[in-house]
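The values are calculated or read from the model by the stated rules, or taken from the named source; none is laboratory data. Please read these numbers as outputs of a predicted model, since none were measured by experiment. Here the Cβ positions follow ideal geometry from the backbone for every residue, glycine too, while neighbour counts run over all protein chains shown. For the accessible areas, the whole protein counts, side chains as well, though only heavy atoms, and no ligand, DNA or RNA atoms are used. Shrake-Rupley method; radii C 1.70, N 1.55, O 1.52, S 1.80 Å.
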Amino acid sequence: MKPKRSALPLPRYTLRKRIGSGWSYFFNVPTWARTRGCPLHNEPLGADYERAVQRVERILLPAFDSWRTGGEDATSVVGVVVGTLDWMFHEYRRTWSQKTAKRLQPLSPGQCRVHETGIKMICEYLLQDGRRLGTRRVSSIDTAFADDLFEKLLFKDVKGEKIERRTTVNHAMKTARSAWNTVSRANPGIFPAKNPFEKMGLQSNSRETPHATFAELAAFRAKAIEMGYSSLATGVLIGWELLQREAHIFLRFVAEHYRPPSRPNHVYVINYKTSTGSWEPLFNAKGKALYPQLMSELDAIKELRPTGGLMLRRDGSSQPWFGRGEMLTQVQRISKKIILAAGLRPELTFTSFGRHGGTTEASTSGLTETQLMQKGQWSSTAAMANYLHDDDEAKQDAQMKRIKRRAKVAKQATVK
């Protein structure tokens, strides 16, 4: 049987060949480069598409481009050129999956995605001489260069129109700052004493994440079930009720966290970002269910998946909601499709229904600041404030309390 034809895009100098019943990938140094003495060699990349693409784009192509441009990069080694921005970010990537004294857990897929976007933006920027910025040595980067780079990256030309992308560029500068600090500690002789990406005075455009209402949550869930995505319907309810982030729902929430034999009346709400968690009661003091709809759905899911990731699998295919290189984009993409099909506001996202929408509703319902911080596992009120949004109901309720108090005081004065 012939293998299915693959139409997946491939990086430069990467070939796809049919081997047996499947496809394998190869990095092929062009003939002209071999003739000129390129130190890289042709390399088999295996049958895994994602791993092949990652090795070519992160290792082999940067090394090839470094050789091709010459100059600073004459001392290339296997992979990337030591002392360049390409090398710095390569070393930084290696720390993402590690636990450190300052970071108790590996980075989440969402954090990795943000970093990758920033790294690509910086390293692929073309200098006036045609070289990639990634081939430039860290010793040649100073504060003036970093500030100038920020200004040049800030606007993107889209069909002749300049579009500002401040948030993306801010994240790129923060990624560079973090990478410089992390890698320079282990390689102090390669880096200048001052980090040029520190204290850049980055300004945010403060774009607020839209939050959903409970009615919009119900509409989303109904449409998701209708379209065959019942696990997304349950996922948004977990986010809403337990104030969870999507990465925690679909990556970290396992069967052992929900009503284990040792705690049959609790669910473990994990905060993977801070490596903390707490057991949330599922029943009140009289034994009445606190989350009846959510519990019925999770009970049914756990019957099918007694171990492992409770929300890991997609509906129908049973494939993971995320995969190498996807990093939750399937959740976001299909959620947007459901939102539009339900006729909801197009600016809403999966996040709008989870931590943002649920927190705003909880605040409107009268939870105290302490109760909110405990339920959402925030370490400070400043962090919690990012999830509290302007809400007419809360303001109306506050004013009605003031009016009632005035009436009560006036009545007391009349009695006297």
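Some notes on this structure:
- Think of each Lys and Arg Cβ as +1 and each Asp and Glu Cβ as -1; about the Cα centre, that makes the dipole of segment 208-285 roughly 200 debye.
- Per residue, segment 85-186 exposes 54 Å² of solvent-accessible protein surface, assessed with a 1.4 angstrom probe and all protein chains in place.
- The accessible area of ILE163, taken with all protein chains in place and a 1.4 Å probe, comes to roughly 70 Å².
- Peptides 26-32, 61-67, 50-56 ranked from most to least packed give 61-67, 50-56, 26-32, packing being the mean of other C-beta atoms within 10 angstrom over each peptide's residues.
- Expressed per residue, the C-alpha convex hull volume of segment 14-69 stands at 67 Å³.
- Accessible surface area normalised per residue over segment 9-68 is 56 Å², counting heavy atoms of protein chains with a 1.4 Å rolling probe.
- To put it simply, the accessible area of segment 85-186 at a 1.4 Å probe is 49 percent carbon and sulfur.
- Only Lys, Arg (+1) and Asp, Glu (-1) charged, at Cβ; segment 137-193 dipole about Cα centre in debye: 240
- Subtracting the Cα-Cα distance of CYS112 and GLU256 from 0.36 nm times their residue separation leaves 49.2 nm of extension gain.
- Overall Cα dimensions of segment 145-235, principal axis frame, Å, largest first: 59, 40, 22
- Here the accessible area of segment 14-69 is 50 percent carbon and sulfur, with a 1.4 angstrom probe and all protein chains present.
- Radius, Kirkwood style, for segment 123-165 when every pair of distinct Cα atoms is counted (Å): 11.6
- Area accessible to solvent at THR117, 1.4 Å probe radius, in Å²: 70
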